[in-house]
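Asks: Sharing a structure, written as structure tokens. Questions coming.
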Amino acid sequence: MKKILISALLFLGAGHMAAKDDGYQFRTVKSIPVTSVKDQASTGTCWCFATTSFMEAELLRMGKGEHDLSEMFIVRQKYINQADDNFLRRGNGNMGEGSLSHTWMNAYRQVGIVPEEVYHGINYDSERHNHREMAMFVKAIADVAMNDKHRSTEYYKILNSVFDTYLGTLPQSFTYQGKTYTPQSFASSLGLNMDDYVEITSFSHKPFYQPFSLEVPDNWEHALQYNVPLDEMMEVIDHALNKGYTVCWDGDVSERGFSHSNGVAIIPETQKVDDLSGTDRARWENLTPQQRQEEAYKFKAPCPEVHVTQELRQLGYEHFVTTDDHLMHITGIVTDQNGTKYYVTKNSWGEGSNDMGGYLNMSESYVRGKTIYVMLHKDALPTQLRKKLGI
């Protein structure tokens, strides 16, 4: 009940439809080239799809050409790292499917990367990704090692056999665009340096301009995020986009203000709160066609939004209203007919998931209130802030 009341007062709202004559009319301010929208399907791997999309955009920015990198190659290594972490934490680690951007970077450092065409990660009877059964097997195997207080050679063989069964065997070498690579040599050929990327957040319970480890379950590697005031975090996003750098975004999408189905995320000044359960995608899939029409009708035009201050943002975080739900990829800026700024956001629910080809526009108010952290290239940081952070 506390969450419902605080959400109603401060943060929650409803999504909007894609641009129509009587609805939202968006004008492009900045648009950065990125690769096509992918579909994470029935998996909790948004962290990997968003970060992979971000890295593919980095390759475009660096003049390395367009590449479709394998998400599941990274996901497989993440599960192995996660099982090891869980073992050393006496079974108290996070064995869920979620993670954050740095998990992608850590796995990349360890095992490299391969193209999607080399390792698509579906070795079972399905056209789409589905990790439900595989994740249960991984958890069961991890529990055996923890209960036995020992990781045997057979343990790793069994764990890897599960991944071989569901995701496919790992390639030792492969040919791509006329050249032969290993996963490590292919990663080297791309020229991506994982040390170039930083995670930025903004919460007042920790000192500003110093790094700290975000207290969210998916930060199971306890990586550090640089903490800056809210206005400066927003400046970071704007500065990066205007310089041609995209931004990987992690935040809360379980609010009524987030409506991927209608292509907009906002925080209206007033909004009736009638359903706070689940995610936008889950809610939408459970609606009847008539209910979907009614839902869309509610959001047919721009409306005034909450001005999110540092205090309101912190209140949402400390009352567990603002939660770590989902990672996406910010690729540009638009404004509506009232001049309100929105951030063009590439989701990983497939091109056909809404009328905007799998994208949505998150309002400035929404990003101020619902961002957990952003990840970007350190060269995209404003010069003065980079000096303050010692980067």
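The values are calculated or read from the model by the stated rules, or taken from the named source; none is laboratory data. None of the values given here were measured: they were computed from a predicted structure. Don't worry about glycine lacking a Cβ; one is built from the backbone with ideal geometry, like all the others, and counts go over all protein chains shown. In case anyone asks, the SASA skips ligands and DNA or RNA and just uses the protein heavy atoms, side chains included. Shrake-Rupley method; radii C 1.70, N 1.55, O 1.52, S 1.80 Å.
Asks: Taking the highest mean first, how do the peptides 23-31, 38-46, 309-317 order by number of other beta carbon atoms within 10 angstrom per residue?
Replies: 38-46, 309-317, 23-31
Asks: With N residues in the range 337-376, what two-decimal value do you get for its Cα radius of gyration over 2.2 N^0.38 Å?
Replies: With N residues counted in the range 337-376, Rg over 2.2 N^0.38 Å equals 1.31.
Asks: If you don't mind, another one. In degrees between 0 and 90, to the nearest 10, how far off the longest principal axis of the chain does helix 153-167 point, with axes built from Cα atoms?
Replies: Result, in degrees: 50.
Asks: Using alpha carbons only, how many degrees (0 to 90, rounded to 10) separate the axis of helix 132-148 from the longest principal axis of the chain?
Replies: The angle comes out near 60 degrees.
Asks: Please list, by residue number, every one of the trypsin sites (Lys or Arg not before Pro) in the range 79-188 that is coil in DSSP and has at most 15 other beta-carbon atoms within 10 Å.
Replies: Arg89, Arg90, Arg128, Lys149
Asks: Extension gain Asp355-Glu116, at 0.36 nm per residue separation less the Cα-Cα distance, in nm?
Replies: Going from the current span to full extension adds 83.4 nm.
Asks: When the chain is fully extended, how far beyond the present Cα-Cα distance does Met136 get from Phe208, taking 0.36 nm per residue of separation?
Replies: 21.9 nm
Asks: Over the C-alpha atoms of the range 38-98, what are the Rg and the largest Cα-to-Cα span, Dmax, in Å?
Replies: When restricted to the Cα atoms of the range 38-98, Rg and Dmax are 14.3, 46 Å.
Asks: Another question, then. Computed FRET efficiency, Cβ-Cβ of Asn242 and Arg27, R0 22 Å: what is it to the nearest 0.05?
Replies: E between Asn242 and Arg27, to the nearest 0.05, is 0.90.
Asks: From the alpha carbon gyration tensor of the range 118-226, can you work out the equivalent ellipsoid semi-axes (sqrt of 5 times each eigenvalue) and give them in Å, largest to smallest?
Replies: Sorted largest first and rounded, they come to 31, 26, 15 Å.
Asks: Work out how much length Thr182 to Val144 would gain on full extension: take 0.36 nm times their residue separation and subtract the Cα-Cα distance, in nm to one decimal.
Replies: 10.4 nm
Asks: Right, another one. Using a Debye calculation, one point per C-alpha and no hydration shell, please list log10 I(q)/I(0) for the range 174-245 at q = 0.18, 0.25 Å⁻¹ in order.
Replies: Treating every Cα as an identical point scatterer, log10 I(q)/I(0) equals -0.83, -1.10.
Asks: Going through the cross-link list Lys30/Lys370; Lys78/Lys157; Lys38/Lys78; Lys30/Lys243; Lys78/Lys179; Lys78/Lys346, which pairs have a Cα-Cα distance over 18 Å in this structure?
Replies: Beyond 18 Å: Lys30/Lys370; Lys38/Lys78; Lys78/Lys179; Lys78/Lys346.
Asks: For the range 130-178, which whole-number percentage of the solvent-accessible area (1.4 Å probe, protein heavy atoms only) is attributable to carbon and sulfur atoms?
Replies: Roughly 54 percent, rounded to a whole number.
Asks: Here's a follow-up. For a label point 7 Å from the Cα of Arg386 along Cα→C-beta, name the residues of the range 179-197 whose backbone N is under 14 Å from it.
Replies: Those under the cut-off are 196-197.
Asks: Would you work out the Kirkwood radius for the range 213-261? I mean one over the mean of 1/r across all pairs of different Cα atoms, in Å.
Replies: 13.3
Asks: Of Leu360, Leu88, Leu327, which has the largest mean-square fluctuation in a 10 Å C-alpha GNM of the chain?
Replies: Per the Cα network of the chain with a 10 Å cutoff, Leu88 tops the list.
Asks: Mind checking the alpha-carbon convex hull of the range 76-130 and giving the volume per residue in Å³?
Replies: Per-residue hull volume (Cα only) is 108 Å³.
Asks: Treating only the Cβ of Lys, Arg, Asp and Glu as charged (+1, +1, -1, -1), what charge dipole size does the chain show about its Cα centre? Round to the nearest 20 debye.
Replies: Computed charge dipole of the chain: roughly 580 debye.
Asks: Taking only Cα atoms, what is the 0 to 90° angle, nearest 10, from helix 101-111's long axis to the longest principal axis of the chain?
Replies: Value to nearest ten degrees: 20.
Asks: While we're here: Output the Cα-based Rg and Dmax of the chain in Å, rounding Rg to one decimal and Dmax to a whole number.
Replies: Expressed in Å, the Cα Rg and Dmax of the chain come to 20.9, 64.
Asks: Right, another one. At q = 0.15, 0.19 Å⁻¹, what is the log10 ratio I(q)/I(0) for the range 71-164, with the Debye formula run over Cα points and no solvent?
Replies: -0.60, -0.96
Asks: Ok, one more. In a GNM of the chain with a 10 Å cut-off on Cα contacts, which of Met194, Met328, Met375 has the highest mean-square fluctuation?
Replies: Met194
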